[in-house]
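One structure below.
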Amino acid sequence: MTKILVVDDSNSIRDMVSFTLKSAGYETVEAKDGAEGLSTARSNSFDLVISDVNMPNMDGITLCGELRKLDDFKFTPILMLTTESSGDMKLKGKAAGATGWLVKPFNPEKLLATIKRVIR
Amino acid sequence: MSVDLSQFIPSFLEESFEGLELMESSLLNLEQGDDETINSIFRAAHSIKGGAGTFGFEHVTEFTHLVETLLDEMRDGRREITQNDVELLLKSVDCMRLLIEAIRDEQECDRTEIDETAKLLTIALNQTASVDVDNNETGSGTTNQQVTQNTLWDITFIPEHHLVQTGNDPLLLFNALADLGPITVEANCKDLPPITDIDPTELYISWHLTLDSAASEEDIREVFEWVEDECQLIISQPVKDQQDSQQPEEIVIDKQGGDFTSVSSASDSSEQVLASAVADNASSTLESTTTTKSQKQPSKTKADVGSIRVGVDKVDSLINLVGELVITQSMLSELGNDFDLSKIERLTSGLEQLLQNTKELQESVMRIRMLPISFAFNRFPRLVHDLSNKMNKEIELVLKGEQTELDKTVMEQIGDPLTHLVRNAVDHGIETAEQRLASGKPAKGVITLDAYHQGGSIVIEISDDGSGINRQAVFDKAVEKGVVDKNTVLNDNQVFDLIFEPGFSTAKEISDISGRGVGMDVVKKNIQSLGGRIQVESEPGKGSTFKVNLPLTLAILDGQLVRVGSETYIIPLITIVESLQAKPEHINRVSGDMLLYRLREDNVPIIPVCKLFNIDAEHQRVEDALLVVVESDGQKVGLMVDDLLAQQQVVIKSLQDNYQQVEGISGATILGDGSVAMILDIPGMITMAMNNASQSQQKYGDIAKNLEGVMS
């Protein structure tokens with residue numbers, strides 16, 4: 001089963017993303033910030049990581065960079081979930097190794113459609 | 001397909017309110033250059049905006065966007081954090097709260113203040129040059145441009161070598177593209193190096209695709225959105241008419257077999273062609289997910305669903321205890337299978353264990369209802385901030401003991417009285433900076449809120465280092481209002497207690513802040529209705545301290561069981577001063593039916609419980625009966641009862657919910673033998689007794705006067 005790590009400090013966003021993914025048959029694991037996401041990732045493997053950018057403890061960009069250093073996550077798609085759709089943020093994400101970005105407000109149908117670009 | 005997210009609205013609301021609280025408290029503590037604080041404020045606003053956008057709460061999104069932009073400028077250091085901005089942001093927090101409350105209550109809210117604040121925000125934003133208001137973040141929706149005719153698109157995709165290292169996979173992109181229409185894929189492997197030089201993490205292939213679709217160029221570009229910086233993408237429309245998608249003659253690898261990384265490393269022959277295609281395959285999986293969608297139901301989204309957040313540790317300990325209870329229960333039931341007297345010892349120890357389990361379980365359950373008092377304290381930093389601004393006073397608020405836990409119900413009801421006390425401290429307690437400096441104190445006044453446990457109750461202290469209560473002013477006012485006689489001699493505490501009398505306010509003029517009809521008497525009444533009490537201590541020039549004593553919970557009470565005739569009553573243990581056998585020489589009969597008992601220096605009116613409730617008692621004469629001296633509101637009375645029974649904790653059942661309010665009774669409980677016992681409402685009983693007495697007498701004051709006569 002496709003396993004997705006959802007990292008967001010907002011409970012409701014995390015719940016919604018998770019719910020949407022589960023309703024489409026994916027398995028999800030949640031983490032409330034980058035630090036928790038990283039430690040979860042160290043002990044599990046995932047087919048996809050969806051992460052918020054602005055988070056306490058460790059932000060999404062840093063998380064992305066850290067994940068890329070792990071062998072298991074070299075090729076794992078990492079999507080940034082963000083409202084900051086400015087090019088600046090995209091570049092930062094790309095530089096850290098992000099696969100793509102999902103623009104909030106988060107739309108469930110769109111989410112499901114777009115993640116198909118990175119997972120089977 | 002649609003995914004119904006409305007079930008998440010309540011949690012969004014809850015989270016938003018928490019976020020607003022965080023914003024508020026952080027704003028109050030914000031200092032220049034404090035990056036972490038400004039970041040956390042920004043994140044809170046950001047989350048609210050994101051959530052609101054998802055649910056389509058546009059008012060919130062629009063407004064919060066302005067707030068967020070302002071915060072973003074502060075965060076990036078493009079804007080100085082001025083006091084004005086902080087005030088504006090605090091105001092914005094209020095507006096956001098209004099907006100979100102309106103969503104919760106499913107009502108429209110008053111827009112005037114919100115529009116005004118939005119205007120101020122916009123003005124503030126325009127002051128800084130580099131404002132980019134990009135409002136088009138709202139759902140980059142798929143363009144519904146209906147092109148009736150299918151177009152045969154020609155796409156050349158030349159990715160950079162490191163593309164796969166960011167987690168992108170061309171195969172999946174082609175699959176996504178295949179959702180738009182039938183495609184053909186041709187791989188170009190001419191850049192593939194000899195196998196010895198191949199780096200398996202690099203990508204050496206480029207592709208040429210054709211897509212037969214009604215989609216626009218924009219739609220196609222969107223599929224490549226995440227890789228457009230890492231590839232060359234050429235999209236063209238060579239053939240306008242609907243041409244059959246020509247199958248290339250090269251080898252076509254079915255997509256299941258086409259794991260990209262394995263292919264790239266396996267392709268040693270330079271002219272091997274990879275391709276994947278076929279739209280139908282992918283769309284079938286999509287459809288299967290649509291059917292799993294839950295029915296849209298009319299969602300009631302009242303935010304206060306009365307839920308509490310409970311720490312996992314609390315729940316765990318509860319489960320632990322229930323486990324032990326089950327073990328004890330099974331032990332006891334096994335014991336009962338064929339019971340004989342030899343097992344009586346084991347039975348006793350089993351019952352003891354049961355008692356212990358039950359007690360612990362009870363405590364754990366009570367702990368679940370307990371919340372840290374910070375829930376009640378949180379509103380005060382803002383309150384004090386606003387009030388001190390308004391009154392031009394410099395005030396620092398110190399919160400202590402915020403982790404002290406208190407029953408949720410008590411917490412909900414203590415908020416208003418506390419607010420009043422804090423307002424009072426700002427308004428009447430702390431002096432203006434000039435006055436303070438003149439009396440040799442620092443210009444900044446300090447108000448301290450402290451909470452701690454003391455025995456079975458919680459104590460909340462509100463203290464200020466202001467001028468203290470003017471004893472003479474209070475006394476004069478009380479005389480003027482006719483509360484006391486001007487010749488009465490009172491000690492300090494008695495004088496200070498006068499401020500709790502109805503209609504009492506010593507403020508020279510009624511200010512906007514306190515003294516608006518709601519007086520300290522209401523505060524006292526509210527606290528008493530929670531079974532608590534309030535005291536005040538004050539020292540001229542040094543400040544005042546209000547001490548509020550509250551029971552930890554309203555659900556359980558330590559009670560003294562007493563018998564009157566055949567009835568059992570419960571007297572709250574906290575009210576009992578002492579119990580005694582009345583000595584005949586200390587009983588005084590004053591005018592009317594009123595009996596007084598001389599208890600050391602005090603003269604205590606005797607209330608025969610049997611008469612009050614109109615029941616038969618064993619002992620009709622005071623000399624034969626027992627007296628339980630109870631105190632409420634500084635007034636002692638002796639309750640005449642037949643016998644004292646056990647002391648125990650009782651679970652309070654509301655009479656009002658199950659029957660109706662009864663004067664002199666605060667509730668009922670079920671005793672061990674299954675019978676119902678009434679819990680006496682001591683303040684209520686005293687009032688009742690006083691009213692009864694005043695039917696023959698005029699007022700209790702007269703009794704007291706008579707009493708003084710008797711005494712002297």
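Mean projection of the alpha-carbon convex hull of the range B:626-666 over all orientations, in nm²?
With the hull built on Cα positions only, its mean projection is 4.2 nm².
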message = Taking every alpha carbon pair in the range B:5-143, what does the distance histogram look like in 5 angstrom bins from 0, in percent?
response = 2, 10, 21, 23, 21, 13, 7, 2, 0, 0
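Suppose we look only past 14 Å in the calculated P(r) of the range A:1-43. What percent of the Cα-Cα pairs does that tail hold?
On the way: 387 of 903 pairs.
Percentage above 14 Å: 43.
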key: Backbone N under 20 Å from the B:Ser675 label point (7 Å along Cα→Cβ), restricted to the range B:559-577   = B:559-573
query = Amide H of B:Leu645: which non-local residues (sequence gap of 5 or more, or other chain) have their own amide H closer than 5 Å, using H built in the peptide plane?
reply = B:Leu561, B:Val562, B:Arg563
remark   = Taking Cα atoms only, Rg over Rh for the range B:302-439 with Rh from the Kirkwood formula is 1.30
key: Projected label distance in nm at B:Gln435 and B:Asn470, using a 7 Å step from Cα toward the beta-carbon   = 0.8
Integer Hz, Karplus 6.51/-1.76/1.60 couplings in order for the range B:581-587, x for Gly and Pro = 8, 5, 9, x, 6, 9, 8
Label-point separation in nm, B:Asn493 to B:Val577, each point 7 Å along Cα→Cβ = 1.1
key: Anisotropy class of the range B:312-368 from Cα gyration tensor, a/c 1.5 cut   = prolate
query = What FRET efficiency, computed as 1/(1 + (r/R0)^6) with R0 = 45 Å and r the Cβ-Cβ distance, is obtained for B:Glu80 and B:Glu412, rounded to the nearest 0.05?
reply = 0.65
message = Kirkwood hydrodynamic radius, computed over distinct alpha-carbon pairs, for chain A: how many Å, to one decimal?
response = 13.8
ask   = If you look at just the Cα atoms of the range B:556-697, how large are its Rg and its Dmax in Å?
value = 14.6, 45
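Past the 19 Å Cα-Cα mark, which pairs from A:Lys3/A:Lys90; B:Lys444/B:Lys477; B:Lys444/B:Lys524; A:Lys32/A:Lys104; A:Lys3/A:Lys74; B:Lys486/B:Lys542?
Check vs 19 Å cut-off fails for A:Lys3/A:Lys90; B:Lys444/B:Lys477; B:Lys444/B:Lys524; B:Lys486/B:Lys542.
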query = What is the calculated FRET efficiency for B:Lys444 to B:Gln661, with r their C-beta to C-beta distance and R₀ = 45 Å, to the nearest 0.05?
reply = 0.40
task = Would you mind getting me the FRET efficiency between B:Glu345 and B:Leu645? Use the beta-carbon distance for r and R0 = 41 Å, nearest 0.05.
result = 0.90
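How large is the convex hull of the C-alpha atoms of the range B:372-551 per residue, in Å³?
Numbers: hull volume 20.8 nm³, N = 180.
Hull volume normalised by residue count: 115 Å³.
Values in this text are rule-based calculations from the coordinates and carry no lab data. The shown structure was predicted, so the numbers you read here are calculated from the model rather than taken from an experiment. Methodologically, a virtual Cβ is constructed for each residue, glycine included, from the backbone with ideal geometry; neighbour enumeration extends over all protein chains shown.
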